[in-house]
Amino acid sequence: MLKPPTRPVSLVVATCVLVVASLSLVSGCSKTLSTSEKRGESLYTFHCYECHEENQLGLLKTPPKLHRVFSHHYLPDGTTLATDESVRQVIIEGKRTMPAFNGRLSSDQVDDIIAYLHRK
């Protein structure tokens, strides 16, 4: 009867770590933000955080949290498809109690916020 080959535990562990790290990179799960995502994070913190994260303005209707907004089929309103273009439209034109940011944010800044929301 043949004896199965043995491998050092450290080799098995190292292989598993390498596979997990490779899958993270391939799937886009890297924790490092791109330059656009970093700018978007800064813009989000300055323009969006008060309402969408903390509701520091004391609004009667709490704005939706935007974590994983693109992982859902629809935006929080339940009727609008979660696409870059629909999010861009909401940012530029506003919606319900959300003010319009047309003229306050450039097109590039809106793109940066959208890039950040894809990672958020």
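The values are calculated or read from the model by the stated rules, or taken from the named source; none is laboratory data. Everything numeric in this text was worked out from a predicted model, so none of it was measured. Note that each Cβ is placed from the backbone with ideal geometry, even for glycine, and that neighbours are counted across all protein chains shown. Side chains included, ligands, DNA and RNA excluded: accessible areas come from the protein's heavy atoms. Shrake-Rupley method; radii C 1.70, N 1.55, O 1.52, S 1.80 Å.
Could you say whether any residue in region 86-103 is modelled with pLDDT under 95 and β-branched (Val, Ile, Thr)? Yes, there is a match, as at least one residue in region 86-103 is modelled with pLDDT under 95 and β-branched (Val, Ile, Thr).
Determine whether region 47-62 contains at least one residue that is in contact (Cβ under 8 Å) with a residue 40 or more places away in the chain and more than 28 Å from residue 32 (Cα to Cα). Write out each step before concluding.
Step one: list which residues in region 47-62 are in contact (Cβ under 8 Å) with a residue 40 or more places away in the chain, which gives 47-48, 51.
Imposing the further condition that a residue be more than 28 Å from residue 32 (Cα to Cα) reduces the set to none.
Scanning region 47-62 turns up no residue that is in contact (Cβ under 8 Å) with a residue 40 or more places away in the chain and more than 28 Å from residue 32 (Cα to Cα).
Of all residues in region 29-87, those being part of a loop (DSSP other than H, G, I, E, B) and either small (Gly, Ala, Ser) or farther than 16 Å from residue 98 by Cβ (or both) number 14. Scanning region 91-109 for residues that are free of Cβ contacts under 8 Å to residues at least 12 places away in the same chain and either open to solvent by less than 100 Å² (accessible area, probe 1.4 Å) or part of a helix (DSSP H, G or I) (or both) yields 93, 94, 99, 100, 103, 106, 107, 108. The single condition from (1) open to solvent by 60 Å² or more (accessible area, probe 1.4 Å); (2) basic (Lys, Arg); (3) within 28 Å of residue 31 (Cα to Cα) that residue 88 fails is (1).
For the subset of region 37-82 comprising residues that are among the β-branched types (Val, Ile, Thr) and more than 17 Å from the chain's Cα centre (by Cα), which member is most open to solvent (accessible area, probe 1.4 Å)?
Of the residues in region 37-82, the ones among the β-branched types (Val, Ile, Thr) are 45, 62, 69, 79-80.
After this cut, where a residue has to be more than 17 Å from the chain's Cα centre (by Cα) as well, the list is 62, 79-80.
On the way: 62: 82, 79: 107, 80: 35 Å².
Across region 37-82, the extreme among qualifying residues is 79.
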